[in-house]
Amino acid sequence: MFFAKMGLKKPMHYLVMLLAAGALIASPAQAQISNVDPNDAIDADLGTPPTSPDASTGSAPMAQGETVMQDGVPTEAMPADGSGAQPSDEPAPVAVPTGDTFQQDDLIGAAEGVFGKGAQGLGLFIEDILKKQGRPNGYIVGREGGGAFLVGLRYGSGTLNHRVEGQKPVYWTGPSIGPDAGANAGNTFILVYNLYDTEELYERFAAAEGVAYLGGGFNASYLRRGDVVLIPIRVGAGLRLGANVGYMRFSKKQRWLPF
């Protein structure tokens, strides 16, 4: 019985030793095996950001507008938007506002509309006045007629063209006295200076002129009240010769009394 007990123990001992050895051999092999998802292995390289040139060289990224050396030549870096345009220090152009006076071409065109484009020397006549007096901020186009024998009368009507206030009707009368005789009628073009409020036109303006119409011709005179200056240019037909002094009174409505 002793041997029988000893015979059972030895086989059991060998069996335990064999199982322990198998466990030692299986554990390293199992540690080296891991489950891998094929999709994860394929997409792994897609999620990796590309290596920037600056990171590969270890240099810092260039700031916008920074000057760098390339092949020994200073080069300004490209703007961040890639447009290649360089910032400009020049200010933006400023729009020039339109002045409050009429241009020479506008005045000559308006005068030709009154006297006709065939009026010989009209453009040079107006140009000479503008050189001496400057550009007006208004003008009047109209017609007038008058006559005199020592004492004279004048009636006229037209339209005031003002640079700021636009167009307004205007009428005028004018008594005069002097060695003046004859009659004339025709168109009138009046240059208006320093008229900033059209209400200042409807007043009396002292006038003095020399008149010489022998069939027709140009005639200009000079009127002033305060800072407002009027230069009437007349081209008419008639027979009149002399000189006179008086005034011209402008109004908003037609008046028959000349005074």
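Here are a few things to note about the model shown:
- Taking (1) touching a Ser or Thr at 6+ places or on another chain (Cβ under 7 Å); (2) more than 18 Å from residue 235 (Cα to Cα) in turn, residue 154 satisfies each apart from (2).
- Tally, over the range 133-150, of residues that are in a strand (DSSP E or B), open to solvent by 70 Å² or more (accessible area, probe 1.4 Å) and not hydrophobic (A, V, I, L, M, F, W, C): 1
- The one condition in (1) open to solvent by 40 Å² or more (accessible area, probe 1.4 Å); (2) not in a loop (DSSP other than H, G, I, E, B) that residue 256 fails to fulfil: (2)
- Of all residues in the range 221-234 being open to solvent by 40 Å² or more (accessible area, probe 1.4 Å) and assigned to a strand (DSSP E or B), the one that is farthest from residue 127 (Cα to Cα): 225
- Residue 241 being farther than 26 Å from residue 117 by Cβ, open to solvent by 60 Å² or more (accessible area, probe 1.4 Å) and outside any helix (DSSP H, G or I): yes
- Residue 195 satisfies every condition listed in (1) open to solvent by 10 Å² or more (accessible area, probe 1.4 Å); (2) not in a strand (DSSP E or B) except (1).
- The residues of the range 151-184 that are part of a strand (DSSP E or B), open to solvent by 20 Å² or more (accessible area, probe 1.4 Å) and in contact with an Asp or Glu (Cβ under 7 Å, 6 or more places away or on another chain), listed by number, are 154, 155.
- The listed residue being small (Gly, Ala, Ser) and free of Cβ contacts under 8 Å to residues at least 24 places away in the same chain, out of 166, 226, 210: 166
- Residue within the range 133-142 that is aromatic (Phe, Trp, Tyr), in contact with a His (Cβ under 9 Å, 6 or more places away or on another chain) and touching a residue at least 12 places away in the same chain (Cβ under 8 Å) present: yes
- Taken over the range 198-220, the criterion of being crowded, with 17+ Cβ neighbours inside 10 Å and not in a strand (DSSP E or B) is satisfied by 198, 201.
- Residue in the range 95-132 that is modelled with the lowest pLDDT, counting only those that are in a helix (DSSP H, G or I) and open to solvent by 90 Å² or more (accessible area, probe 1.4 Å): 124
The values are calculated or read from the model by the stated rules, or taken from the named source; none is laboratory data. Source: prediction; values computed, not measured. Neighbour counts are summed over all protein chains in view; Cβ atoms, including those assigned to glycine, are modelled from backbone coordinates with ideal geometry. Keep in mind that these areas ignore ligands, DNA and RNA; they rest on the heavy atoms of the full protein, side chains included. Shrake-Rupley method; radii C 1.70, N 1.55, O 1.52, S 1.80 Å.
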